[in-house]
Amino acid sequence: MQVESVQNVERWIDQSAMSDPAGYAAAIAELPSDIAALNRVVQGLLIHSDWLAAYGLDETGFQGISRATLPVADRLRAIFTADKQQLRLPRPPGGRAVGTCRDYALMLCSFLRAKGVPSRVRCGFASYFSSAWEDHWVCEYWDRQAQTWRLSDPQIDKVLKDRCRIDFDLEDVPARAFVAAGQAWSHCRSGKSDPARFGHGDVTGLWFIKVNVVRDHYTVNGWETSVWDGWRAAAPSRRTVADDEIALLDGLAAQPEQPLVEVDPGWPS
């Protein structure tokens, strides 16, 4: 990850509307500060909706399954309502809150910001779930000692690490395992990578990479959710990249942290 000035980096200590823990700051203050320990805390609170079977569970054991990302304050309220024990104490898999990779990344980001560590949620693609590059969200944090950004994937606990045969440090995810959306866009535009290998399920290609380029730009500007999260509602005729979008997308891909450019996704229609 690129080196940035301290002045630029410090802006990612501030909580966003989604990451703000609100009345749960005291509970977070009791948590350890190192990344590995915080990853384990997050893993003890959440379970991914797509991986229930890996823990011997199915949807019938939960009251509704939603892919909607909740603000951290709302998520923690639900967690404490179900189980009042301290955050550091892991819930059994069936007692965890159901979310997606973005919920994991957002919660870790919230915890790190509360500890004074510049952090941000990143949208991109991971290579460790299948032979393709799968749509995925992780947390990026600032390593003050090395003066560089590092990636952490709090979703991957021992169960998923074994399932996916992951052999790298999950507190320092390497570039071979995760690329931010802008990097994927640039690689595909230059011919270095095949757009068909990037996507979510059977929705792949340059259009999906475009979606993630915009989502990544929004999230580093404090909009972890936005109108761009409705990509599933896009009609097939809208799943294209227009010629007049290329320059804008090239710019957002190269500099996702630039001041927010609001983009109309043009769906559903």
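Some notes on this structure:
- Given (1) surrounded by 14 or more Cβ atoms within 10 Å (Cβ to Cβ); (2) in a loop (DSSP other than H, G, I, E, B); (3) free of Cβ contacts under 8 Å to residues at least 12 places away in the same chain, number of the condition LYS192 does not satisfy: (1)
- Answer residue from the range 71-126, given it is polar (S, T, N, Q) and touching a Lys or Arg at 6+ places or on another chain (Cβ under 7 Å) and is nearest to VAL203 (Cα to Cα) among those: THR100
- Qualifying positions in the range 32-45 - under 21 Å from the mean Cα position of the chain (by Cα) and within 20 Å of ASP172 (Cβ to Cβ): SER33, ASP34, ILE35, ALA36, ALA37, LEU38, ASN39, ARG40, VAL41, VAL42, GLN43
- Among (1) closer than 28 Å to PHE178 by Cβ; (2) touching a residue at least 12 places away in the same chain (Cβ under 8 Å); (3) over 21 Å from the mean Cα position of the chain (by Cα), the one test that ALA53 misses: (2)
- Single match in VAL263, VAL214 (criterion: modelled with pLDDT under 95, among the β-branched types (Val, Ile, Thr) and surrounded by 18 or more Cβ atoms within 10 Å (Cβ to Cβ)): VAL263
- Scanning the range 49-62 turns up no residue that is in contact with a helix residue (DSSP H, G or I) (Cβ under 6 Å, 6 or more places away or on another chain) and either within 21 Å of TRP231 (Cα to Cα) or surrounded by 19 or more Cβ atoms within 10 Å (Cβ to Cβ) (or both).
- Options PRO154, PRO174: the member that is assigned to a loop (DSSP other than H, G, I, E, B) and crowded, with 23+ Cβ neighbours inside 10 Å: PRO154
Yes/no matrix, rows are residues, columns are (1) hydrophobic (A, V, I, L, M, F, W, C); (2) free of Cβ contacts under 8 Å to residues at least 40 places away in the same chain; (3) at negative phi:
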position	(1), (2), (3)
ASN221	no, yes, yes
TRP231	yes, yes, yes
LEU249	yes, no, yes
PRO256	no, no, yes
GLU262	no, yes, yes
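- Complete set of residues in the range 26-40 that are assigned to a helix (DSSP H, G or I), over 18 Å from THR81 (Cβ atoms), out of contact with any helix residue (DSSP H, G or I) (no Cβ under 6 Å at 6 or more places or on another chain) and in contact (Cβ under 8 Å) with a residue 60 or more places away in the chain: ALA29, ILE35, ALA36, ASN39, ARG40
- Unmet criterion (only one of (1) out of contact with any Cys (no Cβ under 7 Å at 6 or more places or on another chain); (2) closer than 30 Å to ASP250 by Cβ; (3) of a type outside the set (Val, Ile, Thr); (4) free of Cβ contacts under 8 Å to residues at least 24 places away in the same chain) for LYS161: (2)
- Scanning the range 103-130 for residues that are in contact (Cβ under 8 Å) with a residue 24 or more places away in the chain and part of a loop (DSSP other than H, G, I, E, B) gives LYS115, GLY116, VAL117, PRO118, SER127, TYR128, PHE129.
- Failed item in (1) within 15 Å of the chain's Cα centre (by Cα); (2) part of a strand (DSSP E or B); (3) within 22 Å of PHE111 (Cβ to Cβ), with TRP142 passing the rest: (1)
- Restricting the range 56-67 to residues that are of a type outside the set (Lys, Arg) and in contact (Cβ under 8 Å) with a residue 12 or more places away in the chain, the residue that is farthest from SER16 (Cα to Cα): GLY56
- Count of residues meeting criterion [surrounded by 13 or more Cβ atoms within 10 Å (Cβ to Cβ) and either among the hydrophobic types (A, V, I, L, M, F, W, C) or over 22 Å from the mean Cα position of the chain (by Cα) (or both)] in the range 66-77: 4
The values are calculated or read from the model by the stated rules, or taken from the named source; none is laboratory data. All of these numbers come straight from a predicted model, not from anything done at the bench. Positions of Cβ are backbone-derived with ideal geometry, glycine not excepted, and every protein chain shown enters the neighbour counts.
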